[in-house]
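A short reminder: the numbers here are calculations on the coordinates, not readings from a lab. Remember, predicted model here, so these are calculated numbers, not experimental data. Because the Cβ atoms are built from the backbone with ideal geometry, glycine has one as well, and the counts that use them run over all protein chains shown.
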Ligand SMILES: CC(C)(COP(=O)(O)OP(=O)(O)OC[C@H]1O[C@@H](n2cnc3c(N)ncnc32)[C@H](O)[C@@H]1OP(=O)(O)O)[C@@H](O)C(=O)NCCC(=O)NCCS
């Protein structure tokens, strides 16, 4: 097994205070707590208030991660933000976070890969450290998913929430760090989960908004099947690259989209459920925020100890997917 190039020195996360329960959704949608819990495992999710920003979450998660890593903000030379819901179209979310954290001149850019955005960020960060281009990278992931959800569509409005997370990556000095990564995408499947308009082909207009074409559309059943297959493959590929097997995994932290998807993926990846981190019941699907939110909770609950083999895996719109294998 090769020596790791980069180590995750600290992780942090942040979610809004405002909670929306299934009972709240029952008041506006033709749905029920029982249906949502049975089909998804979700009981509640968080939502940013109108006067709050996703940048608030990224800044809070970053400060948390920097403190835990023992790295000063002034040492950060690169900020990478995995998000598909930047606070505004220009500049990047990463530049807004940089300004909020105290400025400076670190390189700052976004990675758009939907839900696996944080795993894509970690992989880019690892590569920049391996090449010597960077030494201290702040790799963020998160989304304000409520901003792209049609709140009147019961197919999607029950699933999502807002949240964010951050990691500080530094050069590895021993066998702890990122052991292997496996990213993939299948752009021909974009119709499974997409936003029809609001981009440069068809910029926002009153017509786009009236037709709700600036909001998410999803083919849920198809997404489910591709998600399980691609996440299981990504797990096997990352393990194979590192010369490890499913039995070597101490903790699997999958994208928190749906409890049934999590269970099916763990089964196909060969990881027993007692080694799987689940918090989808409290946050729903927070897109790129989901894995760091779960990882940080696992660490705070004492489920994550130095030296453990941790497998992170995700999927999302694109279609995109990714796995990152870490010796903690
Ligand atoms: C969306 C999802 C929960 C739906 O669950 P499902 O078991 O596939 O349910 P179906 O879509 O087959 O719908 C079953 C029935 O429930 C109904 N239904 C759908 N949403 C409902 C809701 N919120 N409340 C009550 N009933 C609902 C459907 O209309 C359908 O009714 P019918 O049988 O009369 O036609 C599931 O497909 C899923 O999680 N897919 C993946 C989505 C995802 O993770 N997206 C994010 C990717 S990052």
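Key figures
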read-out	value
Contour excess over end-to-end distance, with Cα ends at residue 24 and residue 190 and 0.36 nm allotted per residue	56.6 nm
Antiparallel DSSP beta bridges within the chain, percent to nearest 5	70
The range 6-174, relative contact order in percent, only Cα pairs under 8 angstrom and at least six apart counted	34
Distance from the range 169-199 to the range 81-121 (C-alpha centre basis), Å	15
Helix-only mean residue ellipticity at 222 nm for the chain, each DSSP H run of n ≥ 4 adding -39500 (n - 2.57), per residue, nearest 500	-10000 deg cm²/dmol
The chain: relative contact order in percent, alpha carbon pairs under 8 Å with at least 6 residues between	25
Centroid-to-centroid separation of the range 4-61 and the range 226-248 [C-alpha atoms, Å]	27
Approximate spin-label separation residue 300-residue 135, in nm, with each point projected 7 Å along Cα-to-Cβ	3.2
Fraction in percent of alpha-carbon pairs per bin - 10 Å, the range 181-310	11, 35, 31, 15, 7, 1
Viscosity 1.306 mPa s, 10 °C: Kirkwood-radius Stokes-Einstein D of the chain over Cα pairs, µm²/s	81
For the range 179-327: relative contact order, % (alpha-carbon pairs under 8 angstrom, 6 or more apart)	35
